[in-house]
1. In the stretch 60-74, is there at least one residue being within 23 Å of the chain's Cα centre (by Cα), among the aromatic types (Phe, Trp, Tyr), buried (at least 21 other Cβ atoms within 10 Å of the Cβ) and modelled with pLDDT under 85?
2. Between Ser293, Ser339, which is under 22 Å from the mean Cα position of the chain (by Cα), within 16 Å of Pro176 (Cβ to Cβ) and buried (at least 16 other Cβ atoms within 10 Å of the Cβ)?
3. State whether one or more residues within the stretch 284-297 are free of Cβ contacts under 8 Å to residues at least 60 places away in the same chain and either of a type in the set (A, V, I, L, M, F, W, C) or more than 30 Å from Leu50 (Cβ to Cβ) (or both).
4. Quickly run through the stretch 217-243 and pick out the residues that are assigned to a helix (DSSP H, G or I) and of a type in the set (Gly, Ala, Ser).
5. Considering only residues of the stretch 26-45 that are without any contact (Cβ under 8 Å) to a residue 40 or more places away in the chain and crowded, with 18+ Cβ neighbours inside 10 Å, which is farthest from Ser284 (Cα to Cα)?
6. Check off (1) at pLDDT 85 or above; (2) open to solvent by less than 70 Å² (accessible area, probe 1.4 Å) for Arg237 and give me the number that stays unchecked.
7. Quick one: in the stretch 46-59, of everything that is more than 26 Å from Gly166 (Cβ to Cβ) and of a type outside the set (D, E, K, R), which residue is surrounded by the most Cβ atoms within 10 Å (Cβ to Cβ)?
8. Is it fair to say Ala273 is touching a Gly at 6+ places or on another chain (Cβ under 9 Å), farther than 30 Å from Tyr333 by Cα and at pLDDT 80 or above?
Amino acid sequence: MHEIIFDSEQTLVVAIIAYFIGRWLTRKIGFLDRFRIPEAVTGGMVVAILVTALRYWGSTTVTFTASDAMLLTFFSTIGLSARLSDLLNGGRVLGLTLAVCIAVILLENLVGVGMATLFDAPPVAGLMAGSVALIGGHGTAAAWAPLFEESVAAAGTIGLASATFGLVAGGVVGGPLGQSLIQRNQLRPSAAEAPDPMLSAAEEAGGRIDVPNFFASLLVIALAIAIGEELNALIARLGLNLPEFVTALFAGILIGNLGPVVLPRIEWPTHSAAMRLIADLSLSIFLVRALMSLQLWTLASVAGPLLIVLLCQVAAVLVLAYFLLFRLLGSDYDAAVMSSGFVGLSLGATPTAVANMSALSHKYGPSPTAFLVIPLVGAFFIDLVNAFVVSWLHGHFAG
């Protein structure tokens, strides 16, 4: 069998081309746009399908060079952009939502491991179809894949396939659940003239990007990655092994919140448009490169059981949202909108959650509380808690 190996520069070129293919397909296929499937995911999957076709019908294997640089960059930006002061403003609702999110992390892993045991598969494979991919999304699934593949060769493929399924499912079932809660309980928004949260986000995103601001953003990102590496080495000496992206995330949180306090006269770029641009860019490149390397042929033997596992995950999240979260949050209009966002967050990603809540807000009225709490939980707490839970469970089952 003939082998083609792309070096890092060639891999980057293919990744960018794949991104534009995904962007074109998203504009042409309404399903992709409606369920907010990222262009990077679509483009990466197209390349993975072509690579699989070459393997079966062209007797050719294609290998892309992996890199962690974009992964560390993305998670550093997440940490740098997390405002601890904003997290405290959510109060009781934020705390309750976070508690249920922690419960769903445990539940998804319990379902994943339980179903894997039922199908006589390694528990680690069940973890990869649990909170790693569903709560974590494509980026987290790809980040954990190398560690999990030491136990299960197809772990990366299982994780990315689960993340794609979850992204679609979160958008498909989240909106109808929120609408059912609103109509069944005849709920109405309490703040009829509240500001449009999406307008505020759009205005904030219109910030200036220039060379000094861009370089300042790169500087603090590089600093977060460097400090994260030192933290990772320190934690490893204490006997706990964490992926480098977790400590990069934590270092970013420290810099983003302590930096302005220690050096208040410096204009920190942690919440700038340049920082958001770098976050989007790094995540897109990383996702495309990860999905391009999917070995789809390894998924064939587990496709049926994996689908059953994922359907069970969807059912578990819906039950938790409908019967627990909605009632804990007060069974009012805001609770219904947040339950819809919770489903999107638990199965897909923060953009899926926001899309679900936006659809309800445009139809029934605004819910400022939902747009404060759900993105805060999704952007900060959930990734950190998920990382530690997954690390502990992996050590337990793989050890």
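1. The answer is yes, given that some residue of the stretch 60-74 is within 23 Å of the chain's Cα centre (by Cα), among the aromatic types (Phe, Trp, Tyr), buried (at least 21 other Cβ atoms within 10 Å of the Cβ) and modelled with pLDDT under 85.
2. The conditions single out Ser339.
3. No, the stretch 284-297 contains no residue that is free of Cβ contacts under 8 Å to residues at least 60 places away in the same chain and either of a type in the set (A, V, I, L, M, F, W, C) or more than 30 Å from Leu50 (Cβ to Cβ) (or both).
4. Ser217, Ala222, Ala224, Ala226, Gly228, Ala233, Ala236, listed by residue number.
5. So the residue we want is Leu32.
6. With respect to (1) at pLDDT 85 or above; (2) open to solvent by less than 70 Å² (accessible area, probe 1.4 Å), Arg237 is out only on (2).
7. Leu54
8. Here the answer is yes, as Ala273 does meet what is asked.
The values are calculated or read from the model by the stated rules, or taken from the named source; none is laboratory data. Given the structure is predicted, the values throughout are model-derived calculations rather than measurements. Heads up, the Cβs are rebuilt from the backbone with ideal geometry, glycines too, and the neighbour counts pull from every protein chain shown. In case anyone asks, the SASA skips ligands and DNA or RNA and just uses the protein heavy atoms, side chains included. Shrake-Rupley method; radii C 1.70, N 1.55, O 1.52, S 1.80 Å.
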